[in-house]
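In what follows, a single structure is set out as structure tokens and then discussed.
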Amino acid sequence: LTQSEMDEIISYAHQKGMGVIPCVNSPGHMDAILDAAEELTGMTCSYSGSGRTIDVTNSTATTFTQALLQKYIDYFAAKGCKYFNFGADEYANDRYTSGSMGFGSLQSSGKYGYFIKYVNEIAAMVKAAGLTPIALNDGIEFANKTSASVGSTTYTFDKDIVVCYW
């Protein structure tokens, strides 16, 4: 949708006494954004060859994605939205299609802490804009894990994230 089309939808919703909950899914389901990130940065930003998911261990990928998300977060906050759903589901499931799929790969490779760190960074951006962060359930508490380490730092999912199920 164009910005003017989105403005119209939000205006209509407000006139009817409804709210809008935007969703820009990250770090997965980012096909076009991933293509743009790689073209604009000249770096590989995908996780393990995924065509849909950024590599949360790659600072170029995360910096690009967070800058893009910030624009959407700011736009929807300025429009009076109360929530922002950033998805956080199906990590590299186009690359890992059996067993524990992408989240299992992150855990078995010791990289799940990077995912938690990334999710918390996005949640902090959403909260800083005055919105409530929402994420889908499948990556949060995957295989009963709610924390993981990156080096000597242990990350635990932000408790302010509203988890929705699909």
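Couplings for the range 133-138, taken from phi via the Karplus curve 6.51 cos²θ - 1.76 cosθ + 1.60 with θ = phi - 60°, read x, 10, 9, 6, 6, 5 Hz in order; Gly and Pro are left as x. Proximity of backbone amide H atoms, modeled 1.01 Å from N, is registered between Ser26 and Gly87, Ala88, Asp89 at under 5 Å, excluding neighbours fewer than 5 places apart on the same chain. Rolling a 1.4 Å probe over the protein chains gives Glu39 an accessible area of about 150 Å².
Picking from Gly87, Gly17, Gly49, which is most flexible by a Gaussian network model of the chain using Cα springs under 10 Å? Top of the fluctuation ranking is Gly17. The C-alpha atoms of the chain define a longest principal axis, and helix 112-128 lies at about 20 degrees to it. Per residue, the accessible area of the chain comes to 51 Å², computed with a 1.4 Å probe over protein heavy atoms only. Counting charges near Thr41 (Lys, Arg +1; Asp, Glu -1) among other residues having Cβ under 15 Å from its Cβ returns a value of -4. Put a plus charge on the Cβ of each Lys and Arg, a minus charge on the Cβ of each Asp and Glu, and nothing anywhere else: the dipole of the chain about its Cα centre is then about 480 debye.
Near the amide H of Thr132, within less than 5 Å, lie the amide hydrogens of Tyr83, Phe84, all on another chain or at least 5 residues away, with H placed in the peptide plane. With the charge dipole of the chain set up from +1 on Lys and Arg Cβ and -1 on Asp and Glu Cβ about the Cα centre, the Cα lying farthest toward the positive end among the listed residues Ala143, Tyr72, Leu106 is that of Ala143.
When the Cα centres of the range 14-30 and the range 97-132 are compared, how far apart do they sit, in Å? One Cα centre to the other: 19 Å. As a fraction of the 1.4 Å probe accessible area of the chain, surface on carbon and sulfur atoms comes out at 50 percent.
Order the following by accessible area, largest value first: Ile33, Ile54. Probe radius 1.4 Å; ligands, DNA and RNA are ignored.
Numbers: Ile33 45, Ile54 0 Å².
The ranking, largest first, comes out as Ile33, Ile54.
Relative to the longest principal axis of the Cα atoms of the chain, the long axis of helix 31-41 lies at roughly 80 degrees.
What number comes out for the charge environment of Ser26, summing +1 per Lys or Arg and -1 per Asp or Glu over other residues with Cβ under 13 Å away?
Working: positive: Arg52, Lys71; negative: Asp31, Asp55, Asp89, Glu90, Glu121.
Net local charge, Ser26 excluded: -3.
With a threshold of 25 Å on the Cα-Cα distance, the over-threshold entries among Lys79/Lys117; Lys82/Lys117; Lys71/Lys127; Lys79/Lys127; Lys71/Lys145 are Lys79/Lys117; Lys71/Lys145. Springs between Cα atoms under 10 Å define the GNM used for the chain, and in it the highest mean-square fluctuation of Thr53, Thr146, Thr97 occurs at Thr97.
To the nearest 500 deg cm²/dmol, what mean residue ellipticity at 222 nm is calculated for the chain from DSSP H runs of n ≥ 4 alone, each contributing -39,500 (n - 2.57), summed and divided by the residues?
Values: 5 runs with 69 residues, N = 166.
Taken over the chain, the calculation gives -13500 deg cm²/dmol.
Using a/c under 1.5 as the rounded threshold, could you call the range 33-166 rounded, prolate or oblate? The axes a ≥ b ≥ c are square roots of the C-alpha gyration tensor eigenvalues, and prolate needs a/b larger than b/c, oblate otherwise. Because a/c hits 1.5 or more and a/b fails to exceed b/c, the range 33-166 counts as oblate.
For the range 32-166, what proportion of DSSP beta bridges, expressed in % and rounded to the nearest 5, is antiparallel? Write out the running numbers ahead of the final one.
On the way: 5 of 11 bridges.
Counting only bridges with both partners in the range 32-166, antiparallel ones make up about 45 percent.
Which angle from 0 to 90°, rounded to the nearest 10, does the C-alpha axis of helix 59-78 make with the longest principal axis of the chain? Its long axis makes an angle of about 20 degrees. In summary, the aspartates and glutamates within cross-link reach of Lys111, defined as a Cα separation below 20 angstrom excluding same-chain residues under 8 places away, comprise Asp55, Asp89, Glu90, Asp94, Glu121, Asp138, Glu141, Asp158.
Amide H to amide H, with H built 1.01 Å from N, Tyr155 comes under 5 Å of Ala148, Ser149, Val150, counting only residues 5 or more places away or on other chains.
The values are calculated or read from the model by the stated rules, or taken from the named source; none is laboratory data. Worth saying up front: this structure is predicted, and the values here are computed from it rather than measured. Don't worry about glycine lacking a Cβ; one is built from the backbone with ideal geometry, like all the others, and counts go over all protein chains shown. The area values use the complete protein model at the heavy-atom level, side chains included, leaving out ligands, DNA and RNA. Shrake-Rupley method; radii C 1.70, N 1.55, O 1.52, S 1.80 Å.
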